[in-house]
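Input: a single structure, listed below in structure tokens.
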Amino acid sequence: MKMLDFVICAITNLFRIYLVYRFAEIFLGKPEKPKPMIFGVCSAYYFANLILYWEFHTAWVNLTCNLIGICAVVFLFTKSIKANLFVTTSITLINIGCDALATLLYVQYKDGQEISQIYEVLTDLYILSCWFVIGKIVTNRKGAKDFFRISLISVPLCSIILIMFMIYSDSCMGTDIAIIGIGLLIINIFMFYLYNQLLHGMSKEFEAELLEQKVLMYSNQLNTIMQSEERDRKSTR
């Protein structure tokens with residue numbers, strides 16, 4: 001069970017850091033730094049967070065590590081200190097709120113206490129749900145229909161309800177609920193990946209349509225100019 005908990009911890013931490021990156025992207029757009037630097041910063045944040053969490057299970061150690069890590073990730077997007085503080089604080093509060101919601105409803109947590117990693121799965125699902133909601137509020141993605149957003153957010157919400165039902169009903173315990181939880185998380189990760197591929201495809205399609213409209217507009221303008229010049233030549237004869 002200990003090894004399974006570590007595997008779940010490694011996967012949930014990786015997905016959470018990716019969600020932190022995507023939250024920063026919502027607020028600040030594309031990162032300013034090169035890809036090798038992005039990979040290095042995110043990797044350092046991941047391994048530091050994983051090791052410190054697994055070794056200490058202490059709220060203040062985890063909070064400090066996450067604050068520094070989130071700040072470093074946000075730094076990839078902007079050099080503005082004010083923007084960095086705002087986005088770092090916002091993402092941290094979202095993480096804390098989701099973490100508390102996923103844990104305190106089910107266990108009387110004490111600092112340093114080891115708890116089942118199924119609650120970390122719940123935390124990631126809550127954060128993913130927040131990403132969909134905040135992404136809709138902050139950005140208005142071209143070509144992305146509300147139907148797709150509503151359909152996709154139902155996946156993490158249904159996963160949360162299923163895990164909550166298993167916890168409260170005691171229908172699954174220990175290894176069983178951990179395996180089901182990680183399976184649901186993997187499904188959500190693939191869904192998240194497919195959603196981003198869909199948005200990327202829609203963005204490319206929108207750009208192609210926009211380019212086609214510009215070409216048509218310039219063609220019409222050119223035809224108008226040519227017709228005008230032709231009339232001028234005829235009038236001067």
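The values are calculated or read from the model by the stated rules, or taken from the named source; none is laboratory data. Please read all numbers here as calculations on a predicted model, not as lab measurements. Here the Cβ is made from the backbone with ideal geometry for all residues, glycine too, and neighbour counts use every protein chain on show. All accessible areas refer to the heavy atoms of the entire protein, side chains included, with ligands and DNA or RNA removed. Shrake-Rupley method; radii C 1.70, N 1.55, O 1.52, S 1.80 Å.
Just to be sure I understand, how many residues within the range 101-136 are out of contact with any helix residue (DSSP H, G or I) (no Cβ under 9 Å at 6 or more places or on another chain) and under 21 Å from Ala178 (Cα atoms)?
Result for the range 101-136: 3.
Looking only at the range 40-62, count every residue that is closer than 23 Å to Glu25 by Cβ and open to solvent by 50 Å² or more (accessible area, probe 1.4 Å) and tell me the total.
First, the residues of the range 40-62 that are closer than 23 Å to Glu25 by Cβ: 40-50.
After this cut, where a residue has to be open to solvent by 50 Å² or more (accessible area, probe 1.4 Å) as well, the list is 44, 47.
So the answer is 2.
When both residues are 6+ apart or on different chains and their Cβ atoms are under 9 Å apart, which pairs have a first residue that lies in the range 2-14 and is closer than 15 Å to Asn49 by Cβ, and a second that is β-branched (Val, Ile, Thr) and surrounded by fewer than 18 Cβ atoms within 10 Å (Cβ to Cβ)?
Ile11/Ile186; Ile11/Ile189
Looking at (1) surrounded by 11 or more Cβ atoms within 10 Å (Cβ to Cβ); (2) out of contact with any helix residue (DSSP H, G or I) (no Cβ under 7 Å at 6 or more places or on another chain); (3) at pLDDT 75 or above, which is the one condition that is false for Lys214?
(1)
Within the set of pairs 6+ apart or on separate chains, which have a first residue in the range 31-57 that is within 24 Å of Val7 (Cβ to Cβ), a second that is open to solvent by 50 Å² or more (accessible area, probe 1.4 Å) and of a type in the set (Phe, Trp, Tyr), and C-beta atoms under 7 Å apart?
Every condition considered, the pairs that remain are Trp54/Phe6.
Would you be able to tell me the number of residues in the range 78-93 that are in contact with a helix residue (DSSP H, G or I) (Cβ under 6 Å, 6 or more places away or on another chain) and farther than 18 Å from Tyr46 by Cα?
3
To keep it simple, each residue is scored yes or no on (1) open to solvent by less than 90 Å² (accessible area, probe 1.4 Å); (2) of a type in the set (Lys, Arg); (3) in a loop (DSSP other than H, G, I, E, B); (4) at pLDDT 75 or above.
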position: Ile137; (1), (2), (3), (4): no, no, no, no
position: Leu157; (1), (2), (3), (4): yes, no, no, yes
position: Leu185; (1), (2), (3), (4): yes, no, no, yes
position: Tyr195; (1), (2), (3), (4): yes, no, no, no
position: Leu199; (1), (2), (3), (4): yes, no, no, no
